[in-house]
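Before any comments, here is the structure.
Just so you know, all these numbers are worked out from the coordinates, no wet-lab data involved. Quick caveat: nothing in here was measured; it's all calculated off a predicted structure. Don't worry about glycine lacking a Cβ; one is built from the backbone with ideal geometry, like all the others, and counts go over all protein chains shown.
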Amino acid sequence: MHYRASACVKSPVRAALLIHDRFNVEMTSMRKTKEEAELTRQSLMNAAEHLFIEKGLNRTTHNDIATRAGVTRGALNWHFPEGKTGILAALLERKRQMTERLAAHLAQCEQRAHAPVSILRMTLIQDLESLSHDHRLQRILLLTSSRNEFIGEFAWVNDQLDLHMHECRDMISQTLRRGMDSGEITLRNGLTPEMAASMLLSCIKGVVTDWLVKQTLFELAHDSDKVVSTLLESVVIWQKNPVS
């Protein structure tokens, strides 16, 4: 009787342990599957980035992307059912993170209303320094600089790029206006904040695009302060020393 009672006590314990072990195995397997799926997705995006730059968007096939990534065409279809359109959307999301980061940094202007343009200056410098080390973002910016690629079924990409540019221009013009209101800056030659923001963005975009094409022109990480300060001072006159 003693043996049976002991067995009855241990059996539920053993069953619970078996269930617990099986649960852990299944969870580990699920995590591994998700990690592998994400690695495959990133490999496809990485392959597409290189191929779009090397061959052009319209000349790159789905088979090209799958082969470069080392996966089957079925894997590409599973991760990106819309093909190159889906891959482009994922790549543009990475570019959009730049706009979101700019918005987050410029939100600090509310706390430091006395130096909004100084915050803008520091943010742009940090963004250029980060770009100099972010090879994936470099490829995405280089790809999106060739806007004549985005025609036909890919024309929507230009609409997205225009939206990103408009959002950045709007944020920068508002920051310049705050700087004027606080007495931190004035604008050169009667420029409006909107005109100054548009000119500043166009100049930065041009400098970055030139650097992406030929990175030996200058060291972006080392010279980002000089680049931003020079371009910013082409449209603003500091009434107070910029805050570091």
Report task. Classify region 145-244 as rounded, prolate or oblate from the Cα gyration tensor: take a ≥ b ≥ c as the square roots of its eigenvalues, call it rounded if a/c is under 1.5, otherwise prolate when a/b beats b/c and oblate if not. Result -> oblate
Query raised in the report: Taking the Cβ of S173 as the center, what net charge do the other residues with Cβ under 14 Å away carry, scoring Lys and Arg +1 and Asp and Glu -1?
Result: -1
Query raised in the report: How many angstrom lie between the C-alpha centres of region 29-72 and region 199-222?
Result: 28
Report task. Calculate, in nm to one decimal, what I151 and D181 gain on full extension: separation in residues at 0.36 nm each, minus their alpha carbon distance. Result -> 6.5 nm
Report summary line: Cα-Cα longer than 30 Å, checked against K34/K205; K95/K214; K214/K240; K34/K95; K95/K240; K84/K226, kept in input order, equals K34/K205; K214/K240; K95/K240; K84/K226
Query raised in the report: What number comes out for the charge environment of N46, summing +1 per Lys or Arg and -1 per Asp or Glu over other residues with Cβ under 10 Å away?
Result: +3
Query raised in the report: Amide H of V236: which non-local residues (sequence gap of 5 or more, or other chain) have their own amide H closer than 5 Å, using H built in the peptide plane?
Result: R188
Requested in this report: For every other residue with a beta carbon closer than 11 angstrom to the beta carbon of S224, add +1 if it is Lys or Arg and -1 if Asp or Glu, then tell me the sum.
Outcome: -3
Report summary line: Taking 0.36 nm per residue of separation between N158 and L39 and subtracting their Cα-Cα distance, the length gained on full extension comes to 40.0 nm
